[in-house]
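What follows is a single structure, written as structure tokens, with notes after it.
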Amino acid sequence: MPEARTYASARQGLRTRIADRLSRRSRTRRADLFRTLIAPRPGERALDVGCGAGGLAASDPRLDVTGVDREAQPNYPGRRFLQADATRLPFRDGEFDIAYSNSVIEHLPPAERDAYARELRRVARRWFVQTPNRGFPVEPHALLPLVHWLPARLGRALWRLGVSGDPYDGVELLGARELRALFPDSVIVRERAGPLTKSLVAAGPVARIER
């Protein structure tokens, strides 16, 4: 299966070409971080929440991956796929060894994030949750500098200059404090671009991950 491009559905141009190149490097480092912290074993049952077209099933085929997404994914490469709500997962407590979620939580309304976090912790024994960092100066969906730090009226007006097909009000980034509050029994890892924190990862529970 060809490697998925992060910005394949965005408005194409120089920004997306550069961002896709940098994103490939970030995904490689994130996969290494996942293997280091979670130490997945071949055949373990993993749930990829917000899996998209490939996600964890494409990057780690040794795992028995179930994908969940709000959009249908007819060519999903994992063991099975369910179209479901991430805040009400149709699985038993502890049904999975690992819950994985990459760049999903920032698309949920803040009022739904507690339910999302509880569900991931409920259905799996270990979890790995990544989200872009609000403190990074470039908004990663629109590829615009500082737009997410501006007053909402101004940010909304400038959003159309970016590459994202998502609406301005459909993305609200988190900081480390908010991610820790949602996943309190976790290690918060900062993924860096030079001296700046580009993304955040919550991996836990602390007693079951490698450090």
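Every number in this text was worked out from the coordinates using simple rules, so none of it is lab data. Keep in mind that what you see is a predicted model, and the values were worked out from it rather than measured. Cβ: placed from backbone, ideal geometry, glycine included. Neighbour counts: every protein chain shown.
This model, with +1 at the C-beta of Lys and Arg and -1 at the C-beta of Asp and Glu, gives the chain a dipole about its Cα centre of some 600 debye. From the square roots a ≥ b ≥ c of the eigenvalues of the alpha-carbon gyration tensor of the stretch 19-123, which class results: rounded (a/c under 1.5), prolate (a/b over b/c), or oblate? Taking the square roots of the gyration eigenvalues as a ≥ b ≥ c, the stretch 19-123 is rounded.
Would you please give the FRET efficiency between Leu146 and Ile18, computed as 1/(1 + (r/R0)^6) with r the Cβ-Cβ distance and R0 = 22 Å, to the nearest 0.05?
Numbers: r = 18 Å, r/R0 = 0.81.
According to the calculation, E is roughly 0.75.
Near Arg126, the amide H atoms lying under 5 Å from its own belong to Ile98, Ala99; only residues 5 or more places off or on other chains count, and H is placed 1.01 Å from N. Full extension of the chain segment joining Thr36 with Arg88 gains 15.8 nm, where the gain is 0.36 nm per residue of separation less the Cα-Cα distance.
Our summary gives the stretch 1-92 a relative contact order of 19 percent, counting only alpha carbon pairs under 8 angstrom and 6 or more residues apart.
Computed from Cα atoms, the angle from the helix 14-38 axis to the main principal axis of the chain rounds to 30 degrees.
In terms of Cα atoms, the Rg and Dmax of the chain work out to 16.5, 49 Å. Spacing of the modelled spin labels on Ala181 and Leu158, each 7 Å from Cα toward Cβ, amounts to 2.5 nm. Once both labels are positioned 7 Å from their Cα atoms along Cα-to-Cβ, the gap between Asp166 and Arg29 label points is 2.0 nm. Run the numbers on the chain and let me know its relative contact order in percent, using alpha-carbon pairs under 8 Å that are six or more apart. With pairs under 8 Å counted, the relative contact order is 18 percent.
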